[in-house]
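Data block below; observations after.
The values are calculated or read from the model by the stated rules, or taken from the named source; none is laboratory data. A quick note: this is a predicted structure, and the numbers were derived from the prediction, not measured. Quick reminder, even Gly has a Cβ in these numbers, built from the backbone with ideal geometry, and neighbours come from all protein chains shown. Calculation scope for accessible area: heavy atoms of the full protein, side chains included, ligands and nucleic acids excluded. Shrake-Rupley method; radii C 1.70, N 1.55, O 1.52, S 1.80 Å.
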Amino acid sequence: MKTPQLLLKFALIIIVLIMTSSIVGAVSYDIKEMTPEVKASLDARRARYEQLAVMKAQGKVGENNRGYLEALESGDGVRDVVDAENNDRKSIYKTIVGQNGLPADALATVEKVFAQVQRDKAASGDSLQDESGNWIKK
């Protein structure tokens, strides 16, 4: 996935965040500065995109309802890939919260909104955790 597409998705996340939360005052929230950490996270996510798509199709990983990947099977380096992806996601989420001056508890809202975006864009057959915690196939 290209960086402009990722930034567009994050802008969408922030718009939904504004509409679905009690956070008010600012007009829009986004990544205001492309820090080296954010760039590295986006680059790493782009580099593992195809690998994750295969793991999702094989049912080895799924999108949980908190905005992160979850290992559904072990072996084949699944845990390493999941941990790396989740670290990059968390870095990006924290950047959105920090750069927009949101309260610390807004991180949970950003994660929840991103989880919904991931569910919406999941491929048919991907494993997803719904809002109530049940695992389903899309």
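Of all the criteria given as (1) modelled with pLDDT under 95; (2) surrounded by fewer than 19 Cβ atoms within 10 Å (Cβ to Cβ); (3) touching a helix residue (DSSP H, G or I) at 6+ places or on another chain (Cβ under 7 Å), the one not satisfied by I96 is (2). Candidates are the residues of segment 99-120 that are closer than 17 Å to V38 by Cβ and in contact with a Lys or Arg (Cβ under 9 Å, 6 or more places away or on another chain); the one that is most open to solvent (accessible area, probe 1.4 Å) is Q99. The set of residues in segment 105-131 that are assigned to a loop (DSSP other than H, G, I, E, B) and in contact (Cβ under 8 Å) with a residue 40 or more places away in the chain comprises A122, A123, G125, D126, D130, E131. For segment 45-69, filtered to residues that are part of a helix (DSSP H, G or I) and touching a residue at least 60 places away in the same chain (Cβ under 8 Å), the residue that is surrounded by the most Cβ atoms within 10 Å (Cβ to Cβ) is K56. Answer yes or no: is there a residue in segment 72-88 that is in contact with a Ser or Thr (Cβ under 8 Å, 6 or more places away or on another chain), surrounded by 17 or more Cβ atoms within 10 Å (Cβ to Cβ), at pLDDT 95 or above and within 30 Å of K32 (Cα to Cα). Yes: one or more hits.
From the list L102, L72, L42, the one residue that fits, being touching a residue at least 40 places away in the same chain (Cβ under 8 Å), in contact with a Gly (Cβ under 6 Å, 6 or more places away or on another chain) and within 21 Å of Q116 (Cα to Cα), is L72.
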